[in-house]
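Below is one structure, written out as structure tokens; comments come after it.
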Amino acid sequence: MKRIVIKVGSHVLTENGAVAKERLLGLVELIVDLEKNGYETILVSSGAVAAGYTQLPLDKGIVANRQALAAIGQPLLLKMYQEKFAKFGMLCSQVLLSADVFENPGHIAHAKAAIDTLLKNKVVPIINENDTVSIEELVFGDNDRLSAHVAHYFDANLLVILSDIDAYYDKDPHKYKDAKQRLVVHEIQEEELHAEHTPNNTFATGGIVTKLQAADFLLKHGRKMFLANGFDLSDVRNFLIENQHKGGTLFVG
Ligand code: ADP
């Protein structure tokens, strides 16, 4: 069995302020197909805040409100996943973690034992940050770094990040028309990791930096990351199921 982690960001999972149900179904179908092809998948899913907002429109600019929305939305999100997985006769499960779990070897061991047991029984663990006790990823990162820790400590060789961007480019493709996709990246430079502090930096702004930090962490631990389009899953399907690397960026040492 090849164990992988798939992380899906809130931009992919939401549309007009609500959970994008068709995309959620597409993601579930991908995980079901991966299972048939010898993969066991741990899913790290954002989207709880958006799911909560559809029930109670609190001001999302306030962190405590986002925590409250996540608490409202998390069970709704899991219910959607459960219904979709049930269509394919599969079970899923909820695992809420905070970053400090990964600082405590005892906690890591307990969490890993639970996740190993779920996977052994073909149950998909769906991980999110426990937003009521830790707000790190809610404020910054959208689970990118959490998912890198999940991949490393729960022994997955590959983290797949499904994003609103289809690859890592040599500069921000939304700002530069001539930006070029990088298919394979072996090493990340120091300035790329801190690019958010320099607004004029052409390497990276916004959400890409936390993805590069996740990739850097995994490369340093001998693991891999694949960044691909979350709206159209053909690149990730080709890469994982057909063994063809047509699009998306592979970070590998
Ligand atoms: P998600 O919500 O899918 O996790 P983000 O929107 O947070 O993703 O981050 C991806 C965004 O980062 C892209 O849409 C793009 O505008 C921006 N970006 C900046 N620099 C780059 C780059 N060098 N390569 C790819 N994307 C970049």
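The values are calculated or read from the model by the stated rules, or taken from the named source; none is laboratory data. Computed from a predicted structure; not experimentally measured. Backbone-built Cβ (ideal geometry, glycine too); neighbour counts: all protein chains shown. These accessible areas exclude ligands, DNA and RNA; they are computed on the full protein's heavy atoms, side chains included. Shrake-Rupley method; radii C 1.70, N 1.55, O 1.52, S 1.80 Å.
Return yes or no: is Val32 at pLDDT 95 or above, open to solvent by less than 20 Å² (accessible area, probe 1.4 Å), more than 26 Å from Thr210 (Cα to Cα) and outside any loop (DSSP other than H, G, I, E, B)? Judged against the criteria, Val32 is a match. Filtering segment 151-185 to residues that are over 10 Å from the mean Cα position of the chain (by Cα), under 21 Å from Ser46 (Cβ atoms) and away from the ligand (no atom under 12 Å from the Cβ) leaves Ala151, His152, Tyr153, Phe154, Ala156, Leu158.
The single condition among (1) of a type in the set (A, V, I, L, M, F, W, C); (2) open to solvent by 30 Å² or more (accessible area, probe 1.4 Å); (3) in contact with a strand residue (DSSP E or B) (Cβ under 9 Å, 6 or more places away or on another chain) that Phe140 does not meet is (3). Looking across segment 150-169, the residues that are hydrophobic (A, V, I, L, M, F, W, C) and either open to solvent by less than 10 Å² (accessible area, probe 1.4 Å) or not in a loop (DSSP other than H, G, I, E, B) (or both) come down to Val150, Ala151, Phe154, Ala156, Leu158, Leu159, Val160, Ile161, Leu162, Ala167.
Determine whether segment 119-135 contains at least one residue that is farther than 19 Å from Lys224 by Cβ, of a type in the set (Lys, Arg) and either under 20 Å from the mean Cα position of the chain (by Cα) or loosely packed, with under 14 Cβ neighbours inside 10 Å (or both). Yes; the residues of segment 119-135 include at least one that is farther than 19 Å from Lys224 by Cβ, of a type in the set (Lys, Arg) and either under 20 Å from the mean Cα position of the chain (by Cα) or loosely packed, with under 14 Cβ neighbours inside 10 Å (or both).
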